[in-house]
1. Which of (1) in a loop (DSSP other than H, G, I, E, B); (2) in contact with a strand residue (DSSP E or B) (Cβ under 7 Å, 6 or more places away or on another chain); (3) of a type outside the set (Asp, Glu) does Gln100 not meet, given it meets every other one?
2. Can you give me the number of residues within region 244-260 that are in a loop (DSSP other than H, G, I, E, B) and touching a residue at least 24 places away in the same chain (Cβ under 8 Å)?
3. If you scan region 307-356, which residues turn out to be assigned by TED's automatic domain parsing to the domain that holds Asp278, more than 19 Å from the chain's Cα centre (by Cα) and either among the aliphatic types (A, V, I, L, M) or not in a helix (DSSP H, G or I) (or both)?
4. Determine if region 157-178 includes at least one residue that is part of a helix (DSSP H, G or I) and at pLDDT 95 or above.
5. Could you please let me know if Val288 is farther than 25 Å from Gln100 by Cβ, over 16 Å from the mean Cα position of the chain (by Cα), surrounded by fewer than 22 Cβ atoms within 10 Å (Cβ to Cβ) and at pLDDT 90 or above?
6. For region 204-226, which positions are without any contact (Cβ under 8 Å) to a residue 12 or more places away in the chain and outside any loop (DSSP other than H, G, I, E, B)?
7. Where the second residue is charged (D, E, K, R) and not in a loop (DSSP other than H, G, I, E, B) and the first is assigned by TED's automatic domain parsing to the domain that holds Leu132 and lies in region 85-111, which pairs have Cβ atoms under 6 Å and are six or more apart or on separate chains?
8. From Glu304, Glu281, grab the single residue that is more than 44 Å from the chain's Cα centre (by Cα) and of a type outside the set (A, V, I, L, M).
Amino acid sequence: MTGISTLGQALRQIESLNSQNLMFSNLSMQMSTGKKTQFYSGLNTDALTSVRSRTELSSIEVYTNNIARANTTLGLTITTIEEFQEQSNNFSDTLVGFVQEGHHQMGENVLYDDPATTEIESVIMGNTSTKLDADFQSVINHAENLFGFLGELLNSKEGDRYLFAGADILERPFTDTGTLDASLNTLITSWKNGTITTDELIADIQDGTALEGNADAITDTAIGYSASLSNNTAGDVFVRADENSEFKYTTLANEDSLRNMMVALAVMKNENLPPIVDVYESGGYPAVPDVKGAPGATAKEQEENFFKLYNAMSTMISQSIDDIDQIRFKVETVRVQMIETEKSHLDQKNLLQSTVSNVEDVDVNEVAVRLTTLQTQLEASYRVTAMTQNLSLVNFL
């Protein structure tokens, strides 16, 4: 009977020690990881709550990453648009500062006295030189430099993605192929020859597509825009912000305000635009002009036609600058919407993380107390076991 009782007591002690060791191991794991268990099965009925919360957290992470990437793109787009507008404003100031009085040609006036009249006349018919004064040459130089600079802005990239190419992100949106200058040369020559009027020339420059009935219109293809932009097939760019929302943030290099600015600059820098009035290098009239100026029977009429075109281009530039604000406003609006959506995601993320924490996490302080208590119990159990193992009849006697 004594042997059986001692065996039973030993087995109970072993079971108790195993249980305490297992509990000690679990508490040690909880202390080191801060988690109740390493397996969903250890959460019992709370496992489903944890799985669902973590799945939703993963989805939110995808959406916030989408928003972050799109926000970076929008930030670069806005910066580029602001630079485009600022530089355009500088050129507009140059145009405003250009005083239209005077001939702006460096030679002498070519005068004519009509022999059919008895009066002595001094009608100015042209000039003896094609050379421009510093003010006019400054306008042309500024337009030429700015055209190249703004063209590079239209080709701005984020990594290897063009910002103003729509969904066709790998295709360069603008290339100065020389076609625009060639088209303008043809139109300006027709204007100087009297084939088209000043109003018709302005219409040709301002019309965006030949489909509207003007066969001489400056098209996007002529300007140098990519095939997808010219054909309106570039597609839109979207960001998936949540399960039910997609925000479009497409900005194209051939938006009306941007294209019109490029066309107006191309006119102002075109080598065929000057001189303002006809040039007779010998100073004699009547004669065939060595270089034709704007159309008109006299220098005064030529100046009026020239500056009618000049002022139309100035108005076109000013309107383009104002319209660029609409592009920036559109982009800023999308950006604000994304930021609001991101805030909502962050609030939901905090709530879900709190749910996961409540289900999975342990109170480290509580675990520490339990671990200390259990360690004391284990040490006591080992001492009792050791004392029991040392009991014998010899020691008892």
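The values are calculated or read from the model by the stated rules, or taken from the named source; none is laboratory data. Source: prediction; values computed, not measured. Every residue, glycine among them, receives a Cβ derived from its backbone with ideal geometry; neighbour counts consider all protein chains shown.
1. (2)
2. 6
3. Residues satisfying the conditions are Leu309, Ala312, Met313, Met316, Ile317.
4. no
5. Considered against the rule, which asks whether it is farther than 25 Å from Gln100 by Cβ, over 16 Å from the mean Cα position of the chain (by Cα), surrounded by fewer than 22 Cβ atoms within 10 Å (Cβ to Cβ) and at pLDDT 90 or above, Val288 comes out as yes.
6. Ala210, Leu211, Glu212
7. Here the result reads Phe98/Asp135, each pair linking region 85-111 to a residue that is charged (D, E, K, R) and not in a loop (DSSP other than H, G, I, E, B).
8. Glu281
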